[in-house]
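Asks: Could you have a look at this structure, given as structure tokens, before my questions?
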Amino acid sequence: MSRLRFGTFLAPIHPAGENPTLALQRDLNLIEHLDRCGYDEAWIGEHHSAGSEIIASPEIFIAAAAERTRNIRLGTGVTSLSYHNPLWVAERMVLLDHLTRGRVMLGVGPGSLPTDSAMIGLTPTQTRELLETNLDVVVRLLRSDEPITVDTGTHTLHEARLHLRPYSDPHFDITVAAVASPTGARLAGRYGLGLLSIGATLTSDGFDALAHHWNVMQERAAAFGTTVDRDTWRLVGLMHIAETREQAYKDVEHGIEQWFNYYQGVAAFPQMHVEGGDVSQMIDFINKSGTGTIGTVEDARAQVQRLMDQSGGFGAMLLMAHDWANPEATRRSYELIAQHVMPEFQGQSWSTLAAEKRAADTRAGHTEAQHQAVAYATEKYHKELADKV
């Protein structure tokens with residue numbers, strides 16, 4: 001595998017009832033912070049109900065974040081493609097591709113919250129069917145200039161084509177979301193796209209889901225004559241890191257209950273399976289179920305390695321954004337991961353460690369040579385003085 005990328009998956013999930021304006025500004029500040037820390041990617045969600053995931057348009061948020069950042073790539077995580085006219089989705093993403101000079105990525109899915117789709121008269125079954133239809137349109141628009149005429153079931157296109165080609169060549173990254181069902185993996189394999197495994201570590205059989213996702217992708221790719229690349233496979237996981245486990249546990253007392261309550265009692269999203277009673281049980285669930293890690297940088301490194309070993313390799317580790325800790329502790333967690341975890345998987349730790357070891361192994365000899373050089377210079381100096389006298 002090549003260098004492992006790191007990023008965040010920002011739904012976001014904020015406590016209902018708090019100031020949404022400040023929460024959104026905090027999200028933008030987090031993206032700026034990640035850009036400074038050297039993170040590779042940030043994926044922004046689309047939701048319209050339930051009160052916690054409050055970004056309705058990832059494209060608008062990305063436009064704002066792009067003006068505040070320099071290097072980090074920004075993706076829709078994900079655009080609920082079933083809700084939209086696929087022609088306009090493609091047009092908006094091409095525009096963002098130009099505005100960001102190639103830093104934009106398109107993630108698509110059927111829409112995760114049934115309370116969203118219900119408001120526009122769609123069932124979860126219909127949204128999955130529409131995802132396949134609309135994704136086909138988007139891919140054809142981006143990969144060809146042939147006009148498209150189609151009735152998607154919710155929109156009708158008459159000889160549709162893009163009037164502006166993407167900035168990226170041939171087009172920006174496209175990734176399909178997968179939670180528990182094989183829908184996303186099937187589509188990614190069919191079109192040779194990337195896969196965004198959102199809930200693979202949140203389900204009770206999360207690790208098995210990872211291998212299942214990749215197997216489905218390979219099978220579909222073989223059937224349709226496309227190719228899939230593990231480098232375009234992104235895994236979403238949960239972490240909060242501090243200098244000590246005790247500090248990490250104390251940090252998450254700030255808001256972990258709200259996060260669990262949202263998935264257990266508010267969001268009609270049974271694929272995101274979480275278990276917990278009091279805070280200690282919630283921490284235990286995260287740490288012992290394979291879902292994620294709350295602890296130290298050593299724990300974080302071990303979790304990433306476990307996912308690498310179990311999956312067979314992937315391209316990016318995305319940290320699910322949450323308000324478990326206060327903003328300062330949350331930023332510190334991302335800093336610690338950038339400082340101590342990312343180098344381990346990006347080829348930046350072994351070389352300096354090896355250089356340190358080489359220097360330590362030869363220190364005695366070099367130290368003696370230094371002493372000899374100082375003694376020689378001192379003797380030479382005194383001799384020069386004596387010659388002058």
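Here, each number is a calculation from the coordinates, and none is a lab measurement. For clarity, every value in this text was computed on a predicted model and none was experimentally measured. With ideal geometry, Cβ positions are generated from the backbone for all residues, glycine too; neighbour counts draw on all protein chains shown.
Asks: Using r as the Cβ-Cβ distance of His366 and Glu298, and R0 as 35 Å, what FRET efficiency do you calculate, to the nearest 0.05?
Replies: With R0 = 35 Å, the Cβ-Cβ based efficiency is 0.65.
Asks: Further question: Any idea how far apart His340 and Glu246 come out in nm if each label point goes 7 Å out from Cα toward Cβ?
Replies: For His340 paired with Glu246, the spin-label model returns 1.6 nm.
Asks: With +1 assigned to the C-beta of every Lys and Arg and -1 to the C-beta of every Asp and Glu, and no other charges, what is the dipole magnitude of the chain about the Cα centre in debye, to the nearest 20?
Replies: The dipole magnitude comes to about 920 debye.
Asks: Below 25 Å, Cα to Cα, which lysines can Lys388 reach? Residues fewer than 8 away in the same chain don't count.
Replies: Lys380
Asks: Arrange Glu344, Glu298, Glu53, Glu328 by Cβ neighbour counts within 10 Å, fewest through most, would you?
Replies: Glu328, Glu298, Glu344, Glu53
Asks: Let me ask you something else. Under a straight-distance cross-link criterion of Cα-Cα below 30 Å, which lysines are reachable from Lys250, leaving out those fewer than 8 residues away in the same chain?
Replies: Cα-Cα hits under 30 Å: Lys288.
Asks: Please determine, in degrees from 0 to 90 and to the nearest 10, the orientation of helix 363-388 with respect to the longest principal axis defined by the Cα atoms of the chain, where the helix direction is its Cα long axis.
Replies: Compared with the principal axis, the helix lies near 40 degrees.
Asks: Need the C-alpha centroid separation for segment 43-105 versus segment 216-234, integer Å.
Replies: Between the Cα centres of segment 43-105 and segment 216-234 lies a distance of 25 Å.
Asks: What do the square roots of 5 times the Cα gyration tensor eigenvalues come to for the chain, in whole Å, largest first, as semi-axes of the equivalent ellipsoid?
Replies: Listed largest to smallest, the semi-axes of the chain are 46, 26, 20 Å.
Asks: Apply 1/(1 + (r/R0)^6) to the Cβ-Cβ distance of Glu275 and Ser181, taking R0 = 25 Å, and write down the FRET efficiency to the nearest 0.05.
Replies: The pair Glu275/Ser181 has a calculated efficiency of 0.75.
Asks: Relative to the first principal axis of the alpha-carbon coordinates of the chain, what is the inclination of helix 58-68, with its axis defined by its Cα atoms, in degrees from 0 to 90 and to the nearest 10?
Replies: Once rounded, the angle reads 30 degrees.
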